[in-house]
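Asks: One structure is given below, represented as structure tokens, and several questions about it will come after.
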Amino acid sequence: MASLFSGRILICNNNDQDELDTEAEVSRRLENRLVLLFFGAGACPQCQAFVPILKDFFVRLTDEFYVLRAAQLALVYVSQDSTEEQQDLFLKDMPKKWLFLPFEDELRRDLGRQFSVERLPAVVVLKPDGDVLTRDGADEIQRLGTACFANWQEAAEVLDRNFQLPEDLEDQEPRSLTECLRRRKYRVEKAARGGRDPGGGGGEEGGAGGLF
């Protein structure tokens, strides 16, 4: 994961804005974690509407006020702001555990192209090894809340075991992988129940409840 930011500086969104300027420091903050790349901008109305949801999602998983042990989760804000002042203003009320790239770093734009970000807000979820888990993180967070973190963990574990998707799902793009795995689990559970929908629902969506 640290290789994505090789030779770059990441800044902590705390009062001192501590800089992680060595690969060892970056690695310590990102190692063995799912990493969210949050592409947003303070002047974007859709981002303004999404940010309270994202903040609540992140805090509920990482703040010891809510959990006994913080989730293995990191977030890097990849600013698409037009000015440094807009970026600073946007980050002012964001969680102190967030990381961000310096405004002058062109990697902010390069990452958008690398991960095919087409609209804001966008959340790209990366496995600890840097592989893309989903490009639809923003949508999943809005639909599922903190439950999607467990989905991502399960999907990452399945992929790490070199699991082969069924033929009808193998051609799916990475952005829909978690949905593919959710469908597969539904089918496995349905088969185990002799063809009856898990939970007694009438259809795939109703029976599975939208979760793994």
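The values are calculated or read from the model by the stated rules, or taken from the named source; none is laboratory data. This one's a predicted model, so the numbers in the text were calculated from it and none came from an experiment. Heads up, the Cβs are rebuilt from the backbone with ideal geometry, glycines too, and the neighbour counts pull from every protein chain shown. Accessible surface is based on the protein model in full, side chains and every heavy atom, while ligands, DNA and RNA are left aside. Shrake-Rupley method; radii C 1.70, N 1.55, O 1.52, S 1.80 Å.
For (1) without any contact (Cβ under 8 Å) to a residue 24 or more places away in the chain; (2) more than 16 Å from the chain's Cα centre (by Cα); (3) open to solvent by 40 Å² or more (accessible area, probe 1.4 Å), each residue gets a yes or a no:
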| position | (1), (2), (3) |
| --- | --- |
| 6 | yes, yes, yes |
| 10 | no, yes, no |
| 13 | no, yes, no |
| 32 | no, no, yes |
| 40 | no, no, no |
| 45 | yes, yes, yes |
| 48 | yes, yes, yes |
| 53 | no, no, yes |
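Asks: If a residue has to be farther than 15 Å from residue 101 by Cα and part of a strand (DSSP E or B) to count, how many in segment 31-46 make the cut?
Replies: Of the residues in segment 31-46, 1 are farther than 15 Å from residue 101 by Cα and part of a strand (DSSP E or B).
Asks: I need every pair where a residue in segment 57-69 that is under 10 Å from residue 95 (Cβ atoms) has its Cβ under 7 Å from the Cβ of a residue that is open to solvent by 100 Å² or more (accessible area, probe 1.4 Å), sequence separation at least 6 or different chains.
Replies: 59/66; 62/97
Asks: What are the pairs, 6+ residues apart or on separate chains, where a residue within segment 82-98 that is surrounded by 13 or more Cβ atoms within 10 Å (Cβ to Cβ) has its Cβ under 9 Å from a residue that is part of a helix (DSSP H, G or I) and of a type in the set (Ser, Thr, Tyr)?
Replies: Within 9 Å, the pairs are 95/62; 97/62.
Asks: Here's another thing I want to ask about it. When residues of segment 80-111 are filtered for being under 20 Å from residue 59 (Cα atoms) and in contact with a strand residue (DSSP E or B) (Cβ under 9 Å, 6 or more places away or on another chain), how many remain?
Replies: 9
Asks: May I pose another question? Would you check if there is a residue in segment 62-69 being surrounded by 13 or more Cβ atoms within 10 Å (Cβ to Cβ), of a type outside the set (Asp, Glu) and either under 14 Å from residue 123 (Cβ atoms) or out of contact with any helix residue (DSSP H, G or I) (no Cβ under 7 Å at 6 or more places or on another chain) (or both)?
Replies: yes
Asks: From the set of residues in segment 10-30 that are charged (D, E, K, R) and out of contact with any strand residue (DSSP E or B) (no Cβ under 9 Å at 6 or more places or on another chain), which is farthest from residue 81 (Cα to Cα)?
Replies: Taking segment 10-30 first, the residues charged (D, E, K, R) are 16, 18-19, 21, 23, 25, 28-29.
Adding the requirement that they be out of contact with any strand residue (DSSP E or B) (no Cβ under 9 Å at 6 or more places or on another chain) leaves 16, 23.
On the way: 16: 21, 23: 26 Å.
Ranking the candidates gives 23 first.
Asks: Identify, by number, the condition in (1) closer than 24 Å to residue 140 by Cα; (2) open to solvent by 80 Å² or more (accessible area, probe 1.4 Å); (3) not aromatic (Phe, Trp, Tyr) that residue 59 doesn't meet.
Replies: The failed condition is (2).
Asks: While we're here: From 124, 76, grab the single residue that is open to solvent by less than 40 Å² (accessible area, probe 1.4 Å), under 21 Å from residue 15 (Cα atoms) and under 16 Å from the mean Cα position of the chain (by Cα).
Replies: On the way: 124 fails: under 21 Å from residue 15 (Cα atoms).
Residue meeting the stated conditions: 76.
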